[in-house]
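J.: Structure provided below as structure tokens; questions to follow.
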Amino acid sequence: MDGYLLTLTRRRMKWEAILQQNPDLSQVDAKLKRYIRKGIPGPYRPDVWMKISGAAAEQKRAPNLYRSLLNTETFDKEISDSISIDLPRTFPDNIHFDTKKQRLYNILIAYAHHNRDVGYCQGLNYIAGLLLIVTEDEEKSFWLLKHIVENIVPQYHSHNMANLLRDLAVFRELVIRRFPAVNRHVDNLGLPYPVIASKWFICIFAEVLPVETVLRIWDCVFAEGYKIVFRAALAMFVTHKTSILACDDIAALATHFRDIMIQDSIVTDCHGFIESMFALRLKRSELESLRKVAVLNPA
């Protein structure tokens, strides 16, 4: 057995012990957080995500919600058409995803009618699609999508995307503070941060980074919340600092962010990338302080 498989086997055995001791996972203590950061074994992901996020508890409070939404007599045609247009664009290279597209439609149309302020926004198809791949369950995917949109990244997907714009401004300030030379280079070449990072935040890196790396990021997102999105975005900069500075014009820089950085050996090594995320110093108090400033001084 090679080293990676041996590591996965040991991790799975440890998770079996954790789930026996604490089956409801209601409290994410330091030990559980440490195990989550090392990766939740695939077979346990759906239930662990549901429990650590609080989505399972929400579902128990409204067990008939999803089915009642699907039984809506008439769906909004504009929303339905928008979702249908995006279905073929969702994971087109995944040959197994074709069989999931009707279920993805169900999740998205149900959520759009549940949360009228959001309705349907491009990017939700990638989040819900990956949730469906992981859980193989429409209802769990719906509740996890609801948790992400309403609790992890609220108002990222609303019509004015107010909090997305705020957090992109916060992210730029974090880069200025931590990597001033990189920020100066990006500014001098004229590439705006929304062009660089909007999809990172809107999709929480789904359809951006390799799937296994995204799943490891999401393990942490469900346990620790929105701060992980900033950690992952900052890790993209710190791990690619040299190659970003080597770009000598805006076209090269845009190509680097859009095509090269998202599939190189750095992000493919999910263990190393997660380690780089947590090597960064980042406090929730700093983020909240910067958010207040961004709201008071919008771009």
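J.: Assess whether I83 counts as being open to solvent by less than 40 Å² (accessible area, probe 1.4 Å), outside any loop (DSSP other than H, G, I, E, B) and assigned by the TED database to the domain that holds A128.
T.: In short, yes.
J.: Also, I was wondering about something else. Where residues in region 36-51 are part of a helix (DSSP H, G or I) and open to solvent by less than 40 Å² (accessible area, probe 1.4 Å), which of them is nearest to G272 (Cα to Cα)?
T.: Only one residue tops the list, namely I36.
J.: For region 54-71, enumerate the residues that are open to solvent by less than 20 Å² (accessible area, probe 1.4 Å) and either modelled with pLDDT under 95 or hydroxyl-bearing (S, T, Y) (or both).
T.: Result: Y66, single match.
J.: Within region 97-139, track down each residue that is in contact (Cβ under 8 Å) with a residue 24 or more places away in the chain and part of a loop (DSSP other than H, G, I, E, B).
T.: N115, D117, V118, G119, Y120, C121, Q122, G123, E136, D137
J.: In addition: Can you name the number of the only condition in (1) open to solvent by less than 70 Å² (accessible area, probe 1.4 Å); (2) over 28 Å from R116 (Cβ atoms); (3) modelled with pLDDT of 95 or more that L25 fails?
T.: All conditions are met except number (3).
J.: Within region 262-299, work out how many residues are not in a helix (DSSP H, G or I) and not basic (K, R).
T.: Selection size over region 262-299: 7.
J.: Right, here's the next one. Is at least one residue of region 271-280 surrounded by 13 or more Cβ atoms within 10 Å (Cβ to Cβ) and of a type in the set (S, T, N, Q)?
T.: Yes, some residue in region 271-280 is surrounded by 13 or more Cβ atoms within 10 Å (Cβ to Cβ) and of a type in the set (S, T, N, Q).
J.: Write out, first by first residue and then by second, each pair whose Cβ atoms fall under 6 Å of each other, whose residues are 6+ apart or on separate chains, and whose first residue, in region 181-207, is over 18 Å from T90 (Cβ atoms) while the second is open to solvent by 20 Å² or more (accessible area, probe 1.4 Å) and of a type outside the set (A, V, I, L, M, F, W, C).
T.: Close Cβ pairs satisfying both conditions: V182/K241; Y193/R172.
J.: Working only within region 1-35, note down all residues that are in contact with an Asp or Glu (Cβ under 9 Å, 6 or more places away or on another chain) and either of a type in the set (S, T, N, Q) or assigned to a helix (DSSP H, G or I) (or both).
T.: Selection gives L19, N22, K33.
J.: Out of curiosity, is K146 of a type in the set (K, R) and open to solvent by less than 40 Å² (accessible area, probe 1.4 Å)?
T.: yes
The values are calculated or read from the model by the stated rules, or taken from the named source; none is laboratory data. From a predicted model like this one, the values you see are computed outputs, not experimental measurements. FYI the Cβ positions are ideal-geometry reconstructions off the backbone, even for glycines, and counts take in every protein chain you see. Note: areas computed on protein heavy atoms with side chains; ligands, DNA, RNA excluded. Shrake-Rupley method; radii C 1.70, N 1.55, O 1.52, S 1.80 Å.
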